[in-house]
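Inspection log for the structure reproduced underneath, given as C-alpha cells.
None of the figures in this text is laboratory data; all of them are computed from the coordinates on show. Note that the structure is a prediction, hence the values are computed from the model and not measured. We place every Cβ from the backbone using ideal geometry, glycine too, and count neighbours over all the protein chains shown.
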Amino acid sequence: MYESLTDKLLFDYYMIDSRRKDSIFSPAPFYLEKEIAQSMKDSAEILDILLQRIVANINTSFSDFIDFIPDFNYKRDILNLKVPLSPIFWVRFDAFIREDGGVFFSEFNYDKPCAQREILASEYLYAENNINKGFKESFINSYKNIASQFFKEKRTFNTAILIDPCHLEESRLSYLYTELLEDSSFHFIAVGPKNLKVVNDELIAFGKEKIDIILRQFPTEHLDEVTDIDAILDLYGKEKILILNDPRIIVGQCKNLFSFLWNLVSNNDYRLTNIEKEVIRKTIPYTVPFRKEYINEVIDNKDKYVLKPVYGRYSEDVFIGILYNREEWLEVINYVLKKDNSFILQEFCPIHKDSVTAASKHRHIPKEAFGNFGVYLIEGKVKGFCTRWNESYLTCDESTWITPIGLGENPLKVVKPNLQCRKELWDRVTDRAMMESGFTGRYFRDKEYIGLDSLLIDKNKFLELKNASEALCHIFKKAQKLVIDNIDTFSPILGISGLNNLAVQNYTDSLTFLGRMDWCLNSKGQWKLLEFNSETPAGLVESISISKIIKEELNIKYENPNENMEYLLKNEFHKIIKDYEKVKKINNIAILSSTYYEDWYNTSAIYNLVKSLPYNITMGNIFDVKVHEDKLYLYNEPIDAVFRYYPLDWFLKDGNEQILKALEFNTLSINPPHTIITQSKAFLALIFELKLQGFFSEEEVNLIDKYITQTSFDVENLNTVDICLKPLLDREGNGVLLGCDVFEEPEYDFVFQKREDIRPLDYVTHCTTGEDKKLLYPIIGTYIAGDKFCGAYTRLGELITTSSCIYAPIFLKQDLNSNGGSFTSSEF
C-alpha cells in the first residue's frame, strides 16, 4: 500500500525522486483544532485585504512603504505600473501555533509560493473532515476565471509558466500546473528567462508561440534576468498580457512589510482599522529592519531574536538565536553584516510542539515536532493548508515531512488554577491524602505524582464514555461465557493455562467486582478502549479521595464523576457476597495485598469501604496467608472469602499453586476468578475474531468497531504498520513495544494492537528541582463495578503510559453548545 502511495505522489503529483521519497509524505493525518484553524483563516484573510490595499496605493497613501523595500533592478518600473492590480491568484502565509496559545505568521509568500503539490496530495490522502477538500477545484476555477475576466473577449489562452530551469522543483511544478489546468481553451508551456521576447507588440515564446499570460514561478526581484523585461512590463501596462501574480506583489513578499506594519501599529496610524491593528499585534512577531546599532542588544539577548533576509526563501539564511551558542551567534552576526542583502530583526516566538506521525518506508514513527501550517489563499480566501513538520524550529527540505490534515476538536482541556503559593497548596492536598487515606505516593522518584492542574471535559462527551463502557461490559460478558464454556480451547490463547479450574468458577453474574477500562481520545476526538484491567486496577485512593480533596481545596465548581464511587463499590461488594452465600456460608472475609506501598493504600481503600458490612472483615498481607486442608487462613483464622489485590497469574509465577487450589474449593474470591479472562490482552483480539465469525449482533459489531481499538493475533488483520505489541498479562505498560521499534518478535506471548494516535495535552510537570512543560498523553480509566460505571481515573504519561505518570483529576462541565462550532472544511 505504501509503495502505491509513493508511486502516486511521484507520478501524479510530480514529486521529485529522492532518497527521502518514502519519508516525505506520511499518510497518517494530523487534526488541527477548529478554533486554531479559524484563527489562522480569519487573520490571514484580514491581512491579505490590508496587503492588497497597500499594493494598490503604493504610490499614493502608502508611498512611505517604498523606503522599506530594498532596491533591485526594475523596482521603480514595477511599482509604477498603472494597470489595475489583477486578482492575486496564489498566496501562502506560513503560520505557527504559539507555545503559549494563539497563532502567528512568520512570513508571507506572495511572489511565487509553492506547496500546491502538497495541498493537492493532502486532499487525496485520507483525513476526516479534510481541510483541503475542494482545493483542486478552487485552484482550477480561479485561474480560469481570472484569465477570462482580464481578457473579456478571448476564448483561448496561452500561458507561459516562467521558471528557472536550474530549479528542478519549479520545473516539476510547471508539469503539475499544466496537467491541472490545460484543456481545449487553456494551453501551457514552461519557459525560462531567456525564452520570451516581445515582437510587434506581442509576447512570443521560443520564437513562435504567442503568449497571453505569464504564470510566474520566478522571483520579482530577479526579473532583470528575463530577456525583454522592459517590453514585457510595457505590454502588461497596456493590458495586452496578464502577469500572475502581479509583480507589484513584491510588497507582500518583502519581509520588511512586517516592520512597516508594526511601525504603523506603534504610531496608531489612521490608515489601519482597529481590527487590522489587533490582528497585527496578535499574529505578527514584532519586527524592525536590522541595523548596526542593535548589535549589542542582539548579542546579549540572542534567545529573543530571529534574523531573516528581506528577500530570502526556503529558510535560507534564517538564523534563530536560541539555536546557537554565543560564539556561533557572533559568527552569525558577522556574516549578516557582511551580506549585501538587507535583513530584518524579528521577535522570536516559541512554537508549540505537537504529536505527529512520520513515515519511513514500512514503519510509522510517532514523533513530537513543530508544525508549519502553510495557509494558502486564492483570490483572498483561504482554500487549503500545507502542513509541514520538522523536529527543529526551521522548516528544512532535508528533514521536513508532510501529513494530510483534518479539522478536529479536543474535548479535554487542562484547567490551571490561579495559585499564588502552589507548593503550599500541593503540600496541603497531599498531606490530607496521607492523613485521611493513608496515601504515600505523592512523589514518583523526584516527580510530583499528584497534579493540581485538572482536566475538564464536556459532560455529554463523558456520558458517551460512560455509556460505551457499560455497553461493552455486556459484550464482554457474552464473550466471557463462551470462553468459560470452552476453557480448554481458549486458555492457551489467552495465556491463562493453569488457571482453567478457577476461570470457570461462576458463582456470581457480576462481570467484575472492580475493573478499570483504559480509554484514550484519539486525534479524531473518538473514544477508543485500549485494555481492560479487570483484576486489580490501581488509582482507587486518587479517584475516591484525592479528587474530592482537590475539588475542595481549589474550590472547583465543576462536577466530580466519582461522587458515588464509594457507595457503588460497597454495594457491589455486598452483592457478590450475597451471590456467594447461595452456595457457601460467608462469615470471615480477608482483604489482602502485598506490602508494596501503592498496593497497600489501594487495598486499604477497599477495606475502609466495606469494613462496616455485617461480616468479620480483616485486612492483611497476602504473604501471611497459610493454606490448611485446601482453605486459606489469615492470622490463624479460616477465611471464607477473600478480596485479593494480587493477580491470579502471579500466584502461578510465584509457585503458590496451593493458594490457587484453595480458591477453587473452599475460599471464594470476591473479585471473581473469571476476571482473569477479560484481564488478558488477548481477550480483545478474541473479540475481533468472534466478530468475524458472526458471533455478535449487528448492534454489538457497531459498538466494537466504534469503541475498541483493533487488536489481533495476526498483524496483517490490522491493515496498518502503525502498531503496538502487548504482552498478554503484564501491567503498567511493562513489555509494551511500538511497532516502529521492533525488528524481531519478542520472546513472550503478545498480541498486536493498532496504535491509537492519542491527542496529547500541554502540561507543566513539577519535580524537586523545578518545572517542565511537556506533551503528555491522557489515559482515562473508567471503573466498572459489576457491569456499571462507578468512577474515573485519569493519568498523564508518555506515549506508552507506565508507572511514571501524573494523576490529574477530571471534572465535568455542562455542554451548552453540543453542536460545536459552525466551521467546517467545506468553507475553504
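Centre-to-centre separation between the Cα atoms of segment 519-538 and those of segment 163-223: 56 Å. Rounded to the nearest Hz, the phi-derived 3J(HN,Hα) couplings of segment 125-136 under the Karplus curve 6.51 cos²θ - 1.76 cosθ + 1.60 (θ = phi - 60°) are 6, 7, 7, 5, 6, 4, 5, 9, 4, x, 4, 4, where x marks glycine and proline. Stretching the chain fully between TYR324 and ASN555 yields a gain of 78.7 nm (0.36 nm per residue, less the alpha carbon separation). Measuring between alpha carbons in the structure, the pairs from LYS353/LYS548; LYS112/LYS154; LYS551/LYS813; LYS112/LYS136; LYS144/LYS255 lying more than 24 angstrom apart are LYS353/LYS548; LYS112/LYS154; LYS144/LYS255.
Can you give the local net charge around VAL415? Use residues other than it whose beta-carbon is closer than 11 angstrom to its beta-carbon, Lys and Arg +1, Asp and Glu -1. Every neighbour counted, the sum reads +3. Taken one residue at a time, the phi angles of segment 405-415 give Karplus couplings (6.51, -1.76, 1.60, θ = phi - 60°) of 9, x, 8, x, 9, 9, x, 8, 10, 7, 9 Hz. Gly and Pro are set to x.
Short-range pairs are left out: with C-alpha atoms under 8 Å and at least six residues apart, the relative contact order of the chain is 15 percent. As a calculated quantity, the FRET efficiency between LEU456 and LYS361 at R0 = 56 Å, using C-beta atoms, amounts to about 0.85. Across segment 260-384, the mean sequence separation of Cα contacts (distance under 8 Å, 6 or more residues apart), normalised by length, yields a relative contact order of 21 percent.
Each stretch of four or more DSSP H residues adds -39500 (n - 2.57); spread over every residue of the chain, this sum gives -9500 deg cm²/dmol at 222 nm.
With +1 assigned to the C-beta of every Lys and Arg and -1 to the C-beta of every Asp and Glu, and no other charges, what is the dipole magnitude of the chain about the Cα centre in debye, to the nearest 20?
About 1360 debye.
Per-peptide packing, taken as the mean over residues of other Cβ atoms within 10 Å, places 688-701, 383-396 in the sequence 383-396, 688-701 from highest down. With q set to 0.10, 0.12, 0.13, 0.23 Å⁻¹, the log10 of I(q)/I(0) for segment 267-373, from the Debye formula over equal scatterers at the Cα positions, is -0.42, -0.58, -0.66, -1.22. Modelled this way, with points 7 Å down the Cα-to-C-beta line, the labels at ASN702 and GLU293 are 7.2 nm from one another. Distance from the alpha carbon centroid of segment 299-378 to that of segment 408-457 works out to 36 angstrom. Counted by neighbouring Cβ atoms within 10 Å, the residues TYR177, TYR270, TYR645 run from fewest to most as TYR270, TYR177, TYR645. Ranked by the mean number of other Cβ atoms within 10 Å of their residues, highest first, the peptides 518-526, 88-96 fall in the order 88-96, 518-526. Full extension of the segment from ASN486 to SER803, taken as 0.36 nm per residue of separation minus the current Cα-Cα distance, would add 110.6 nm. Taking the Kirkwood radius as Rh and the Cα radius of gyration as Rg, segment 414-813 has a ratio of Rg/Rh equal to 0.95. This ranking places THR220, THR595, THR430 by how few other beta-carbon atoms lie within 10 Å of each, fewest first, which gives THR595, THR430, THR220. Annotation: amide H-H contacts under 5 Å for LYS813 (H modelled 1.01 Å from N, sequence separation of 5 or more, or interchain): ILE457, ASP458, LYS459. Give, as ranges by residue number, the residues of segment 295-322 whose backbone N falls under 20 Å from the point 7 Å along Cα→Cβ of LEU337. Answer for segment 295-322: 295-310, 317-322. FRET efficiency for the pair ARG155 and LYS8, taken as 1/(1 + (r/R0)^6) with r the Cβ-Cβ distance and R0 = 41 Å, rounds to 0.75.
Label separation (ASN719 vs THR769): 4.8 nm, computed from points 7 Å beyond Cα along the C-beta direction.
Extension gain for the segment ASN200 to GLU99, taken as residue separation times 0.36 nm less the Cα-Cα distance, is 30.6 nm to one decimal. From most to least packed by mean Cβ count within 10 Å, the peptides 154-165, 619-630 give 154-165, 619-630. Placing +1 on the Cβ of every Lys and Arg and -1 on the Cβ of every Asp and Glu, with nothing else charged, gives segment 495-593 a dipole about its Cα centre of roughly 220 debye. Within the same chain, lysines fewer than 8 places from LYS691 are excluded, and of the rest, those with a Cα less than 30 Å from its Cα are LYS461, LYS466, LYS477, LYS478, LYS481, LYS524, LYS528, LYS681, LYS706, LYS726, LYS754, LYS788. Across segment 505-519, rounded Karplus estimates of 3J(HN,Hα) from the backbone phi angles (6.51 cos²θ - 1.76 cosθ + 1.60, θ = phi - 60°) give 5, 9, 9, 9, 8, 6, 5, 7, 6, 8, x, 9, 7, 9, 10 Hz, Gly and Pro being marked x. With both residues required to sit in the chain, DSSP beta bridges show an antiparallel share near 75%.
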